[in-house]
Amino acid sequence: MIKLFKIFKKNKPLNTKVLRAYKNEANARLRFVGSWSGYWTTVIDGIYYRGDVVSGFKYVIDDYGNFVRDAIIDRARLRKDKAHKDETLTMAMYGRERYIDDNGEASWW
């Protein structure tokens, strides 16, 4: 008998406890590097994230914008999607560091 419908495996969303833990870790390790201008850095689950250069005024008013949110989204995507396994392996060779631009796109430099 021919199967007419392909059964797709459901992708389970990440547990909210994992996302909450990522958020707490990202906020705890959030740092500003620079003085008059600089960039935000954070670490989530052993992967270092670096943002675009911003003015020092953003540091004074503690405005990190969407940097933490984009870092959490990228880390969850890397953890969940098996297709990005080779990207994770290349990160291990380049210091496990990722760069997040103003558009929210993450790359490994």
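The values are calculated or read from the model by the stated rules, or taken from the named source; none is laboratory data. Note that the structure is a prediction, hence the values are computed from the model and not measured. Cβ: placed from backbone, ideal geometry, glycine included. Neighbour counts: every protein chain shown.
Quick notes on this one:
- Residue tally, condition acidic (Asp, Glu) and either under 20 Å from residue 77 (Cα atoms) or in contact with a Gly (Cβ under 9 Å, 6 or more places away or on another chain) (or both), over the stretch 15-61: 2
Every residue, every condition in (1) more than 12 Å from residue 106 (Cβ to Cβ); (2) at pLDDT 85 or above; (3) surrounded by 14 or more Cβ atoms within 10 Å (Cβ to Cβ), yes or no:
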{"position": "38", "(1), (2), (3)": "yes, yes, yes"}
{"position": "41", "(1), (2), (3)": "yes, yes, yes"}
{"position": "73", "(1), (2), (3)": "no, yes, yes"}
{"position": "85", "(1), (2), (3)": "yes, no, no"}
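- Looking across the stretch 15-30, the residues that are in contact with a Ser or Thr (Cβ under 6 Å, 6 or more places away or on another chain) and either among the aliphatic types (A, V, I, L, M) or exposed (fewer than 13 other Cβ atoms within 10 Å of the Cβ) (or both) come down to 26, 30.
- Identity of the residue in the stretch 49-60, within 18 Å of the chain's Cα centre (by Cα) and either at pLDDT 90 or above or over 17 Å from residue 104 (Cβ atoms) (or both), that ends up surrounded by the most Cβ atoms within 10 Å (Cβ to Cβ): 49
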